[in-house]
Amino acid sequence: MGNPIQIHAGGVYSVAISPDGQNNVSGGEDGTVRLWDSQGKPVGHSLKGHTGGVDSVAISPDEQTIISGGEDGTVRLWDSQGNLVGNPLEGHEDWVSSVAIGPDGQTIVSGGFDGTVRLWDSQGNPVGSPLEGHTGGV
């Protein structure tokens, strides 16, 4: 077994592997998103934008978009080089604890501690009203 990979200052809250298995992304307690290769070597610099821990990350099926959700209540989109794409997706009233992207790469979903699930298009625009009904965080 290989050595542990230390790429965040603090705990790692979420990881995702690209569909081809060659790239990885992680979100951490330090508020950063990190890209790294399949050998555990960091790729590029820390992606900074969240003002709290990054609780969830995902990679689009075409590997061109990274999605992160954080304790600052935002969802952020990044390109494959680690550049922020557009403005933060805002709407959750508490931590964003889960993010995912559909198999067609066109629909982003986020779940939050505010008890809502929100849908977004690939440009970060809200799709419909928040899905409510949970009595606790999602």
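The values are calculated or read from the model by the stated rules, or taken from the named source; none is laboratory data. Here the structure is a predicted model, which is why all the values come from computation and not from measurement. Cβ atoms come from the backbone with ideal geometry, glycine included; neighbour counts cover every protein chain shown. These area figures cover heavy atoms from the full protein model, side chains too; ligands, DNA and RNA do not enter into them. Shrake-Rupley method; radii C 1.70, N 1.55, O 1.52, S 1.80 Å.
Tally up the residues in region 98-117 that are under 18 Å from Thr65 (Cα atoms) and among the charged types (D, E, K, R), please. Give the steps one after another, and end with the answer.
The first filter runs over region 98-117 and keeps only residues under 18 Å from Thr65 (Cα atoms), leaving 98-110.
Imposing the further condition that a residue be among the charged types (D, E, K, R) reduces the set to 104.
Number of matching residues: 1.
Only one of the numbered conditions (1) outside any strand (DSSP E or B); (2) crowded, with 16+ Cβ neighbours inside 10 Å is violated by Gly105, and that is (2). Whether any residue in region 121-129 is assigned to a strand (DSSP E or B), at pLDDT below 95, within 27 Å of Asp30 (Cβ to Cβ) and open to solvent by 10 Å² or more (accessible area, probe 1.4 Å) is what I want to check. Scanning region 121-129 turns up no residue that is assigned to a strand (DSSP E or B), at pLDDT below 95, within 27 Å of Asp30 (Cβ to Cβ) and open to solvent by 10 Å² or more (accessible area, probe 1.4 Å).
When only residues in region 6-18 that are under 22 Å from Val99 (Cβ atoms) and at pLDDT below 80 count, which is least open to solvent (accessible area, probe 1.4 Å)? Among residues in region 6-18 that are under 22 Å from Val99 (Cβ atoms) and at pLDDT below 80, the one least open to solvent (accessible area, probe 1.4 Å) is His8.
The residues listed here are His92, His45, His50; of these, the one that is out of contact with any His (no Cβ under 6 Å at 6 or more places or on another chain), of a type outside the set (Gly, Ala, Ser) and surrounded by fewer than 22 Cβ atoms within 10 Å (Cβ to Cβ) is His45. Kindly indicate the residue of region 56-84 that is in a strand (DSSP E or B) and over 23 Å from Ser129 (Cα atoms) and also nearest to the chain's Cα centre (by Cα) among those meeting that condition. Only one residue fits best here, namely Ile66. Listed by first and then second residue, the pairs with beta-carbon distance under 7 Å, at least 6 apart or on different chains, first residue in region 124-138 and among the charged types (D, E, K, R), second part of a loop (DSSP other than H, G, I, E, B), are Glu132/Gly115; Glu132/Thr116.
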